[in-house]
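Working notes, beginning with the structure itself.
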Amino acid sequence: MHPAPDRELAVAYLDGAVDTAALLGEAARLRDEGHGRVVTYSRKVFIPLTTLCRDTCTYCTFAKPPGAGGMYLEPGEVLAVARAGDAHRCTEALFTLGDRPEARWRQAREFLAAHGHTTTIGYVEEMSELVNAETDLFPHANPGVMTADEMTALRSSNVSMGMMLENISPRLMEPGMPHHECPDKDPGVRMEAIETAGRLRIPFTTGILVGLGETNEEIVDSILAIGEVHARYGHIQEVIIQNFRAKADTRMRGNAEPIPAWFARVVAVARWLLGAEVNLQVPPNLTERFETYLDAGINDWGGVSPLTIDWVNPEAPWPHLDELTSRTNSAGFDLKPRLPVYPEYIDDSWIDRGLVDKVAAATDDRGFALAPQMEASP
């Protein structure tokens, strides 16, 4: 019998002070207990609504200033991407954007004013409603820190929302650290937003980013913080364990990336600490042999697009969906498509009643998406 979840032992696993064979075995057992041999993914299009941002994270290539690629998508451009997603039988429209760029950039305020808004999240609301009304896709908003009023406004068009915690340690905001002078990366602010989503009963995606210069203790504490808020509200539909990838045109271009064998320990520790029922994801485009994380207890690959790039990690192409299926099946698992809201959250206590019929029409009797699992032949 593997010991019960324990902070000190979790840190010891990451330190390499304890053999990890038992940990990996327990993580796989817990995954099978909670999810069987089913692994899910969401067939999505990535809509980078704006690449302007008020933060200056030292590892990010998504955010750009005006004149160097920072921009907003016009409504017609948003709808064109969404309709292309429809044609490729996608079910998710992932809205990703910088945090509150209007607080920093005059150009952001001018764009928003010209489109009848004072805040970027107000524009997210309008574009979510547009995609929801005009396509079969389901918006999933990932706009950074949100207030209760903003989440409530987005709820009628978004079946789920998300925001990465990244790390619980305020040390990463100190001078010389990756979140210095990034007000939206304050872990206290982010945890408050995650808790607000719980109070509002919004299915919520969060997770940690590993490799930013954090300690093993800070990794474990970040996982425990997510587990604690989920224990109170039950709304964390998905926990992403994401490995840092160094990018050539950032200040962290020389930083070491997590080694997959060690990163698998982080994944297994997350499964052990969070338990059998939590949906645990690792992005498959950030590791060449991504199926190694199946042995560490994951049950989801996250959003994978047959159409759009990963705008956050543009150097890392998605695996083709037929390859994802083949490699998952070869590892002994059944790959199933899902909506951006997980099956266990499909009822009107979690999602807006106005979305229930659309969700029901797009899912089977187990709550999985009806979209094809394989790529269409060219």
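Over the chain, dividing the summed -39,500 (n - 2.57) contributions of all DSSP H runs of at least 4 residues by the number of residues returns a 222 nm mean residue ellipticity of -11000 deg cm²/dmol. Along its three principal directions, the equivalent ellipsoid of the range 320-359 from the Cα gyration tensor extends over semi-axes of 30, 10, 6 Å, largest first. As a size descriptor, the averaged projected area of the C-alpha convex hull of the range 89-137 was calculated at 3.7 nm².
When the charge dipole of the chain is built from unit charges on Cβ atoms (+1 for Lys and Arg, -1 for Asp and Glu) and taken about the Cα centre, the candidate among ALA113, ASN216, PRO319 whose Cα reaches farthest toward its positive end is ALA113.
Compute the length gained on full extension between ALA246 and GLU195: take 0.36 nm times their separation in residues and subtract their Cα-Cα distance, giving the result in nm to one decimal.
Here the segment from ALA246 to GLU195 would lengthen by 15.3 nm.
Shown for TRP318, TRP262: other C-beta atoms within 10 Å of each C-beta, ranked fewest to most, produce the order TRP262, TRP318. By the count of neighbouring beta-carbon atoms within 10 Å, fewest first, CYS57, CYS90, CYS182 end up ordered CYS182, CYS57, CYS90. Among ILE241, ILE121, the order by Cβ neighbours within 10 angstrom, fewest to most, reads ILE121, ILE241.
Across the range 159-182, the residues whose backbone nitrogen lies under 20 Å from the label position 7 Å along the beta-carbon direction of ARG232 are 161-170. The phi-based Karplus calculation (6.51 cos²θ - 1.76 cosθ + 1.60; θ = phi - 60°) puts the 3J(HN,Hα) values of the range 245-254 at 10, 5, 10, 4, 9, 10, 5, 9, 4, x Hz, whole numbers, x for Gly and Pro. For the range 240-286, taking Cα atoms only, Rg and Dmax work out to 12.8, 39 Å respectively. 3J(HN,Hα) couplings calculated from phi for the range 92-108 with the Karplus curve 6.51 cos²θ - 1.76 cosθ + 1.60 (θ = phi - 60°) are, in sequence order, 10, 10, 8, 8, 10, 6, x, 6, 5, x, 5, 6, 10, 10, 4, 4, 5 Hz; Gly and Pro show x. Extent along the principal axes, Cα only, for the range 227-326: 40, 33, 25 Å, with the longest axis given first. The H on the amide N of ASP300, modeled in the peptide plane, is under 5 Å from the matching H of THR40, LEU280, VAL282, each at least 5 residues off or on a different chain. Send over the semi-axes of the range 171-248's equivalent ellipsoid, whole angstrom and largest first, taken as the square roots of 5 times the C-alpha gyration tensor eigenvalues. One finds semi-axes of 24, 14, 12 Å for the range 171-248. Amide H contacts under 5 Å for ARG37: none, restricted to partners 5 or more places along the chain or on a different chain, H placed in the peptide plane at 1.01 Å from N. Alpha-carbon geometry of the range 206-274: the Rg and the Dmax are 13.2, 41 Å, given in that order. Computed across the range 297-375, the Kirkwood hydrodynamic radius from all distinct Cα-Cα pairs reaches 14.2 Å. Mean sequence separation of contacting Cα pairs (under 8 Å, at least six apart), scaled by the length of the chain, corresponds to a relative contact order of 23 percent. Placing +1 on the Cβ of every Lys and Arg and -1 on the Cβ of every Asp and Glu, with no other charges, gives the range 248-378 a dipole of roughly 360 debye about its Cα centre. Considering only SER305, PRO175, PRO187, the residue lying farthest towards the positive end of the dipole of the range 7-361 is SER305, judged by Cα position with unit charges set on Cβ. Quick one, which of (i) 30, 55, 15, 0; (ii) 30, 62, 8, 0; (iii) 29, 59, 12, 0 is the actual P(r) over Cα pairs in 20 Å bins from 0, in percent calculated for this model? Looking at P(r) over Cα pairs in 20 Å bins from 0, in percent for this model, the match is (ii).
Stretching TRP311 away from ALA87 to a fully extended chain increases their span by 78.6 nm, per 0.36 nm per residue minus the current alpha-carbon distance. Rounded to the nearest 0.05, what FRET efficiency do ASN329 and ALA148 have when you use their Cβ-Cβ distance and R0 = 45 Å? Once the sixth-power term is evaluated, E becomes 0.60.
Taken together, the values in this text are just the output of simple stated rules run on the coordinates, not laboratory data. This is a predicted model, so every value here is computed, not measured. Neighbour counts run over all protein chains shown; Cβ positions are idealised from the backbone, glycine included.
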